[in-house]
1. Looking only at region A:1-50, filter to residues that are of a type in the set (A, V, I, L, M, F, W, C) and outside any helix (DSSP H, G or I); which one of those is modelled with the highest pLDDT?
2. Out of B:253, B:263, B:288, which single residue is within 19 Å of the chain's Cα centre (by Cα), of a type in the set (Val, Ile, Thr) and either in the same structural domain as residue B:466 (by TED's automatic domain parsing) or closer than 19 Å to residue B:211 by Cβ (or both)?
3. Please work out which residue is surrounded by the fewest Cβ atoms within 10 Å (Cβ to Cβ), limiting yourself to region A:95-134 and to residues that are at the interface with chain B (Cβ under 10 Å from one of its Cβ atoms), of a type outside the set (Gly, Ala, Ser) and over 18 Å from residue B:165 (Cα atoms).
4. Pick out the one residue from B:422, B:380, B:418 that is surrounded by 14 or more Cβ atoms within 10 Å (Cβ to Cβ) and within 27 Å of the chain's Cα centre (by Cα).
5. Got a number for residues in region B:278-287 being buried (at least 20 other Cβ atoms within 10 Å of the Cβ) and more than 16 Å from residue B:417 (Cα to Cα)?
6. What tally of residues in region B:155-212 results from selecting those that are assigned to a helix (DSSP H, G or I), more than 10 Å from every other protein chain (Cβ to nearest Cβ) and not aromatic (Phe, Trp, Tyr)?
7. Report the residue count in region B:315-362 for those that are under 30 Å from residue B:467 (Cα atoms) and out of contact with any Lys or Arg (no Cβ under 9 Å at 6 or more places or on another chain).
Amino acid sequence: MITILLIVFTVSLLYFAIANRLMTYVKILALQGLILFGVTFIELIEINVVNLVLILLETIVVKSLAIPLFMQYVIRKNKITREAEPFVPHTVSLIIVTVLIVSTYIISNYIIDPHLDKIYFVTALSAVFSGLYFISSRRKVITHVISYVIIENGVVILSLAVGNEMPLLVNLGILLDVFVSVFLLGIFINKVGDVTSEGDVKQLSKLKD
Amino acid sequence: MILLYLTGSVLIALCMFLNTNRRVNRMLIAGFLVLQWIWSVYSLTHKNVPEYIFFIPDALSILMTVTLSIISIPALVHSYDYIYPEHDNPRVRGIYFGSMVVLIMSLTAAYVASHIAVTWIFVEITTLSASALIFHRRNSGSIEATWKYIFVCSISLVFVFIGILFLSIALGDIRENDMQYSILLRVAPSLNTFWLKLAFIFIFIGYTAKLGLIPMYTAGIDAKDKAPSPAAALFSSVLMNVGFVGVFRCYEVLAHTSIHKWVDQVMLTTAFLSIFVAAVYMLKVKNVKRMLAYSSIEHMGIVILALAAGGIGYYAAILHLILHSFAKSSLFLQVGHLYKTFRSKNIYSIGNYFRYNVPGAVLILFGFICITAMPPSGMFISELMVFRALIGSGYTGILILMLILLTLIVWAMGKNIFKMLFIPVPGREDLHVEAVSPYETLLQYLLLALVVYLGIAPPAGFADLIKESIINLNH
């Protein structure tokens with residue numbers, strides 16, 4: 001079951017590469033949040049109440065409800081064009097993301113370590129690297145934030161791959177990180193939208209030497 | 001005690017956010033400074049006594065905390081006359097001082113933390129509070145700088161977190177999941193080197209955003225340019241130190257493993273490339289704040305180079321770090337006055353500063369001597385130690401290349417600074433020049449005096465603390 005969920009997660013990255021509308025991106029984020037909940041829920045069988053509440057909060061409430069709704073609100077409020085307008089054509093994106101996934105798969109085959117679950121490792125690293133690629137290939141500021149959330153999702157899967165449960169403190173740290181940075185960045189998009197007309201990174205390149 | 005300090009600072013910060021009265025604000029600042037110094041003195045007297053599970057005031061953290069406490073006095077005092085003439089908006093003022101307090105508090109906690117994840121969390125909080133400070137002016141330039149800063153730092157800190165996860169894979173069967181630095185130090189020789197290498201790469205790249213090295217240094221430059229001068233003074237000194245502390249604590253662990261040499265090579269390469277980039281930009285930069293920011297990159301490169309060289313380099317690295325903090329923050333504070341006088345940060349519109357503000361001009365001249373490590377600057381001593389360490393470890397080739405780059409940097413910086421001090425700007429009318437009170441430069445002079453004093457005649461306690469903080473490296 002976990003395998004299926006993780007494969008769906010990886011496929012969602014491919015879908016992200018060819019998706020054309022911002023709303024689709026937001027929906028992919030919500031889907032990924034649900035998948036994360038499923039994976040963590042199955043993974044941590046002997047779960048105590050505090051941990052369960054925390055995971056529920058982190059995955060369902062924050063990742064699949066709060067962030068997507070907030071993104072939607074930001075897109076509506078700033079009247080950002082619904083098209084994603086990437087720098088590169090979709091086919092190229094698709095090929096690059098595929099290459100990233102395949103290469104993490106090949107790398108993971110070189111690693112022999114009993115503590116590591118390979119499918120988690122592959123999914124997590126492909127999410128991190130695809131996220132970095134999406135940041136560099138998309139034009140709008142909001143897509144940068146969305147890609148950042150994808151990287152964070154990859155990190156959550158990686159922390160599961162490590163196997164030995166991370167302490168509560170770290171979990172809280174991740175929550176703080178996602179929560180605050182995404183909302184801070186979101187509020188910022190509003191500010192950027194006030195100054196520049198179209199939330200485009202081209203207008204954010206005046207500071208240089 | 002640390003919990004008292006943390007809750008106290010958070011409460012003070014909250015009051016600052018809410019309060020709109022000028023006099024109450026002033027009292028809150030004084031209260032916070034007292035609290036900060038109480039904690040510093042307490043950590044000095046309670047060395048190596050664990051605070052709860054996650055904090056230990058060890059020698060390195062004491063040095064860094066006291067440095068921070070010293071610099072925070074002029075930074076907060078100067079904020080005061082900086083913020084009023086600009087725009088007297090109580091809400092903006094509250095946010096500014098509140099963020100300043102949160103920044104100083106999270107820096108202190110990150111220095112003292114003895115658990116790798118706790119350090120990470122507090123470094124994350126420094127990003128958030130720093131971004132509020134960069135955003136202070138609320139114009140398009142500061143929006144851009146804030147945006148880049150939050151974004152680059154968030155991604156870098158995600159990298160650090162991935163590194164921590166890899167480190168816990170390296171721990172493997174050793175079921176001591178508390179990733180305390182002391183435990184890591186003990187089990188270091190038995191760790192899986194493959195994961196350790198991956199972990200170090202990610203942690204190091206992540207912390208370069210704070211430390212100001214290649215590849216993540218870019219956001220810091222914009223931040224120091226756009227933040228108010230007192231905040232920039234903190235960014236270019238104590239905030240960079242927090243990156244150093246993060247790297248240093250991991251380096252201590254790795255120095256006990258078989259990949260020590262490899263780690264040294266990585267750091268050497270990064271540090272040298274950073275000095276190179278700093279030299280290139282120094283030659284073309286035309287903005288005085290950005291020039292100082294690139295000079296910070298150069299000095300952090302020297303510090304990391306010293307760490308990689310080993311031997312006497314360890315001592316030199318920490319000494320250089322502390323001296324650089326004092327010298328650079330003093331210069332940044334003076335740039336605030338410079339900006340008030342000329343209403344510009346562009347070197348072409350600044351000139352003949354001696355005519356407008358003699359104490360300030362002398363300070364810039366003296367600061368230039370300090371920062372370029374000419375005697376009597378204490379940094380001369382520490383840089384000399386770095387050179388000796390490099391020769392001692394057989395990196396003479398790198399030393400020669402580095403000296404050429406440093407010469408270029410001194411030339412470029414000198415050219416700009418002497419132009420600002422002596423050559424008048426053609427066609428400038430001196431109608432609206434604000435007079436600067438000479439007393440305002442006093443605190444900056446004291447900072448520079450510290451640079452000379454600590455370098456040339458370091459008090460015994462100070463030298464002992466440095467020696468104690470590197471005790472895990474000499475083996």
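The values are calculated or read from the model by the stated rules, or taken from the named source; none is laboratory data. This one's a predicted model, so the numbers in the text were calculated from it and none came from an experiment. Every residue, glycine as well, gets a Cβ built from its backbone with ideal geometry; the counts of neighbours run over all protein chains shown.
1. Looking at residues that are of a type in the set (A, V, I, L, M, F, W, C) and outside any helix (DSSP H, G or I), I get A:19.
2. One residue alone meets the criteria, B:288.
3. If we take residues in region A:95-134 being at the interface with chain B (Cβ under 10 Å from one of its Cβ atoms), of a type outside the set (Gly, Ala, Ser) and over 18 Å from residue B:165 (Cα atoms), then A:110 is surrounded by the fewest Cβ atoms within 10 Å (Cβ to Cβ).
4. B:380
5. 1
6. So the count comes out to 24.
7. Number satisfying all stated conditions: 15.
Residues are listed down the side, and each one gets a yes or a no for (1) within 18 Å of residue A:68 (Cα to Cα); (2) acidic (Asp, Glu); (3) loosely packed, with under 13 Cβ neighbours inside 10 Å:
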position: A:2; (1), (2), (3): no, no, no
position: A:6; (1), (2), (3): no, no, no
position: A:14; (1), (2), (3): no, no, no
position: A:23; (1), (2), (3): yes, no, no
position: A:35; (1), (2), (3): yes, no, no
position: A:41; (1), (2), (3): no, no, no
position: A:50; (1), (2), (3): no, no, yes
